[in-house]
Structure formats: structure tokens, C-alpha cells
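Derivation of every value follows stated rules applied to the coordinates shown; laboratory data play no part. Note that the structure is predicted; figures quoted are calculated from it, not measured. A quick note on method: Cβ atoms are made from the backbone with ideal geometry, for glycine too, and the neighbour counts reach across all protein chains shown.
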Amino acid sequence: MQNRDHLVLVGPMGSGKSTLGRALAARLQRPFVDVDARIEAEAGCSIAALFESEGETGFRAREARVLAAVLAEPAAVVATGGGAVLAQANRAAMRDAGIVVYLQVDAATQLARLQHDSTRPLLQAPDRAQRLSRLQAQREPLYRATAHLLFDASSLAPEAAAATLAGQL
Ligand code: S3P
């Protein structure tokens, strides 16, 4: 049985789910859980290493399992990975678990944040901008379908974004 009072952040890589999530959790005096970090802690290796050893399919299975476990824990601010919305079961579980916020980000801000990233396997290609825009085209409808609330944090620092978002909850 999952807890229904979570605040779940969905959105693409570089939208600020982890940074904003941490600031929001502090403001709301709630625990903060980062699903990617939980997956890495449980596996004892990085997400990049998991993609290497198990492929994206193996990673997605872990992601679904860890997400379900996190949603069964006491109410928290939960930052998900950008691809968590791909599975229908994940989408249903998140919507059921409380309020889901889609963190939007404009393409330029997103690319600037991810320009030098070496941790995200789906971005290790010469043309990051094209990869990001292809992923966004595929996932945007899923983010929208999962979320109860849309919030664009592109131009705000984490503290300001957390304060503004907290006011909308
Ligand atoms: C992914 C996003 C990453 C991480 C993994 C796959 C994706 O999380 O889960 O690299 O499919 O978009 P962030 O959105 O926190 O970067």
C-alpha cells in the first residue's frame, strides 16, 4: 500500500528535479528522496555502470522497483529520473501517490546545465541538443499526462523556485 501524500517531481534531465526537490523538501520540512541516488546506493555502482552491465532494460526494471518502494515510504519530496514516466505502471503509481509536478525547462537552459555532464548514459553522444530534443518530443506527452501541476523553473534559482512552487501547492 503506498503513501498518498508524496510530492513527486517528474521532468527531463536538467530540469532541476534534484536541486529544486532538495530545497522544496527543506522548506516543507519533509524528507527528500532521489530515486536515482537510491538506485545507485542499492546497486553499489553508478547509473552509467548499470547501463553498461544491464542495459537500459535492466536499469528500467530497477527504477520501477525502487520507485514503488519509495512511494510506499512516509510522505516525502521525491525526485524521479527523466525516464520514470516511460512505464505506464510508474505513471499510475506516481499519480496515485500524491501530487505530481512536471518541472519544465527551456531547451537552452537544459543544454547549458547538461553541457559537460558525464554521468548520464543517454547523453554521451556528440549531439546532445538533438538527443535532448528527441527525448523531449517522445516524453513531453507522458510528463503532461502524469502531472497534476506544471511548473517552469528555468529562470529561477533553486531557493526562489522552491518558494514559488511551495506557494502553488
Ligand atoms: C534518465 C535520466 C536520469 C537517469 C538516467 C536516465 C532518462 O535522471 O535516471 O540517466 O532516461 O532521462 P535525471 O533526470 O535525474 O538526470
So what's the gap between the Cα centers of the stretch 94-151 and the stretch 1-73, to the nearest angstrom? 14 Å
Projecting each Cα onto the charge dipole of the chain (Lys/Arg +1, Asp/Glu -1 at the beta carbon, about the Cα centre), which of 146, 124, 69 comes out farthest on the positive side? 146
Hey, can you grab everything whose amide H is under 5 Å from the amide H of residue 124? Only 5+ residues off in sequence or another chain; H modelled, so Pro and N-termini drop out. none
With only helices counted (DSSP H, runs n ≥ 4, each -39500 (n - 2.57)), the per-residue ellipticity at 222 nm for the chain, to the nearest 500, works out to -17500 deg cm²/dmol
Whether the stretch 79-169 is rounded, prolate or oblate, judged on the alpha carbon gyration tensor where a/c under 1.5 counts as rounded: oblate
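Quote the charge dipole size of the chain about the Cα centre in Debye, to the nearest 20; the model charges only the Cβ of Lys and Arg (+1) and of Asp and Glu (-1). Provide the component values of the computation, followed by the final result.
Values: 18 positive and 17 negative charges, 57 e Å.
My answer is approximately 280 debye.
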Neighbours of residue 63 by Cβ distance under 15 Å: Lys/Arg at +1, Asp/Glu at -1, summed charge +2
If Lys and Arg each add +1 and Asp and Glu each add -1, what is the summed charge of the other residues whose beta carbon sits under 12 Å from the beta carbon of residue 13? +4
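Shape call for the stretch 1-124 from the C-alpha gyration tensor, a ≥ b ≥ c root eigenvalues: rounded (a/c under 1.5), prolate (a/b greater than b/c) or oblate?
Values: a/c = 1.67, a/b = 1.17, b/c = 1.42.
Cα axes put the stretch 1-124 in the oblate bin.
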Kindly write out, for the stretch 9-22 in residue order, the coupling ³J(HN,Hα) from the Karplus curve 6.51 cos²θ - 1.76 cosθ + 1.60 (θ = phi - 60°), rounded to whole Hz, with x marking Gly and Pro. 9, 10, x, x, 3, x, 8, x, 4, 6, 5, 5, x, 5
